Amino acid sequence: MRSYVGLDIGTTKVAVVIAQPDERGALKIVGVGYAPSTGIRRGVVVDLEVTVQSIRIAVAEAERMAGIPVRSVVTGIAGEHVRSINSRGVIAVSRGGSEIGADDVARVVEAARAVAIPGDREVLHVIPQEYVVDDQAGIRNPIGMSGVRLEAEVHIVTGAATSARNLEKAVQRAGLRTGALVLEPLASAYAVLAPDEKELGCLLIDLGGGTTDMALYYDGAVRHTAVIGLGGNNVTHDLAIGLRTPTEAAEELKIRHGCATAAHLSPEETVEVAGVGGREPRPIARQLLASMIEPRMEEIFTMVYREAKKSIFTDLLAGGVVLTGGGASMDGVEELAERIFEMPVRRGVPRGVAGSREAVEDPRYATAVGLLLYAR
């Protein structure tokens, strides 16, 4: 039986999810693996051997749970090096009788792809948005239609060639084959967005440890993607410095007691902060903790908002904002996002899979599950 494997190599974690089709054809989760990640910084490999070791640990854990070996994986890619543009291509229909065929669609997409890209970058995705047949716009599948002129609007995602090669090299050294490299917010969208949200328009924000990724959808197509070089690790660093506590303790504080909206907390509620160098732990108000988290989260959301405003569809997003990734689990993050974006906000967890769903019903696994659905 064929297996599908999603590999999410993040700044703070490596997550592996294995799935197989059940008797009805739906994907069933059969294995989940997780390992801390320290060889990635802002989506880019900075220590190859450490990254390889993290991949091996996570894959071995998933293999033990599934009882099957892993050979090929679909891998997520992110990082500040990722860029995206929208492009248009035009061709004359070549078939007799002016009937548009699959070869015409392939040619017009290739024509739209023919944009000037620097030699140190490579194309990760060319995603059709819509087609135009003889000035009739909004067509999703022109095959079989009649026309003499065919146009295509596409979304092109590029990344630094060296970053992509180093990611693939880490996967190969772990004994695996890379089936595809997929932009992480696009993968997450497969797992957490409903079809009507893509139709009405929505903004997906994946709050990761090293980066914050975004994908904007409207009329069923992706219109804009971007990667912001700030994430949960910046919040952790702020807490470690501001509270004079070890980084590990700051991370634990953020996960267990963090809140993105200080105004909602009682001044009487306290948490314990570990001291540096063996010093005694001390209590602080949880509201103080939140007052350190809120400005950084507000900065991240503001940067995403500015990036989203580059698209002409930003003011038409009736589906609102969907938050996913590890940072989406923090208390108060939805309320803060609603204040910044002035839209309805919800937390997105993976859907569309069966089996051991409870193991992946967490925003942290959105990318890994989405990679499975993308591979399908």
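The values are calculated or read from the model by the stated rules, or taken from the named source; none is laboratory data. The structure presented is a predicted model; accordingly, all values stated were derived computationally and were not measured. With ideal geometry, Cβ positions are generated from the backbone for all residues, glycine too; neighbour counts draw on all protein chains shown. Side chains are part of the model used for accessible areas, which takes the heavy atoms of the whole protein and leaves out ligands, DNA and RNA. Shrake-Rupley method; radii C 1.70, N 1.55, O 1.52, S 1.80 Å.
Near Thr367, once Lys and Arg are set to +1 and Asp and Glu to -1 for all other residues with Cβ below 9 Å from its Cβ, the sum equals -3. From most to least packed by mean Cβ count within 10 Å, the peptides 282-294, 3-15 give 3-15, 282-294. Dipole orientation for the stretch 24-73: of the candidates Val73, Val44, Val59, Val73 has the Cα lying most toward the positive pole (charges on Cβ; Lys, Arg +1; Asp, Glu -1). Rounded to the nearest angstrom and listed largest first, the equivalent-ellipsoid semi-axes of the stretch 220-316 from its Cα gyration tensor are 33, 15, 9.
Among Ile77, Ile241, Ile127, whose mean-square fluctuation peaks in a Gaussian network model of the chain (Cα, cutoff 10 Å)? Looking only at Ile77, Ile241, Ile127, the largest GNM fluctuation is found for Ile241.
Note that the stretch 37-116, at 10 °C in a medium of 1.306 mPa s, gets a Stokes-Einstein diffusion coefficient of 93 µm²/s from its Kirkwood radius over C-alpha pairs.
Remark on the stretch 212-255: hydrodynamic radius 12.3 angstrom, per the Kirkwood mean of 1/r across alpha carbon pairs. Using the Kyte-Doolittle scale, find the helices of the chain whose mean hydropathy is at least 0.0 and whose Cα atoms extend 24 Å or more along the helix's long axis, counting only whole DSSP H runs. Those that clear 24 Å and a mean of 0.0 are 48-66. Within the accessible area of the chain, the carbon and sulfur atoms contribute 49%, probe 1.4 Å, all protein chains present.
For Thr11, neighbours were defined as the other residues whose beta-carbon sits under 10 Å from its Cβ, and their charges (Lys and Arg +1, Asp and Glu -1) total +3.
Cross-link partners for Lys13 among the lysines, with Cα-Cα distance under 30 Å and sequence neighbours closer than 8 places in the same chain left out: Lys28, Lys169, Lys198, Lys254. Using the average count of surrounding beta-carbon atoms within 10 Å as a protection proxy, the listed peptides 189-198, 231-240 rank, highest first, as 231-240, 189-198. If you add up the charges near Gly348, with Lys and Arg at +1 and Asp and Glu at -1, over every other residue whose beta carbon is less than 12 angstrom from its beta carbon, what do you get? Result for the local shell: -1. Considering helices alone, the calculated mean residue ellipticity of the chain at 222 nm is -10500 deg cm²/dmol, with DSSP H runs of length four and up weighted by -39500 (n - 2.57) and normalised per residue.
Given H placed 1.01 Å from N in the peptide plane, which residues other than close sequence neighbours of Ile40 have an amide H under 5 Å from its amide H? Amide H to amide H, under 5 Å and 5 or more residues apart or across chains, Ile40 pairs with Val46.
The reciprocal of the average 1/r between distinct C-alpha atoms defines the Kirkwood hydrodynamic radius, which for the stretch 254-376 equals 16.7 Å. Here the chain is treated with +1 on each Lys and Arg Cβ and -1 on each Asp and Glu Cβ, and its dipole about the Cα centre works out to around 980 debye. Diagonalising the gyration tensor over the Cα atoms of the stretch 258-305 and scaling each eigenvalue by 5 before taking the square root yields semi-axes of 25, 15, 5 Å, largest first. Kirkwood analysis of the Cα pair distances in the stretch 118-183 returns a hydrodynamic radius of 14.6 Å. For the stretch 298-352, would you read off the P(r) tail past 13 Å as a percentage of all alpha carbon pairs? Result for the distance tail: 62 percent.
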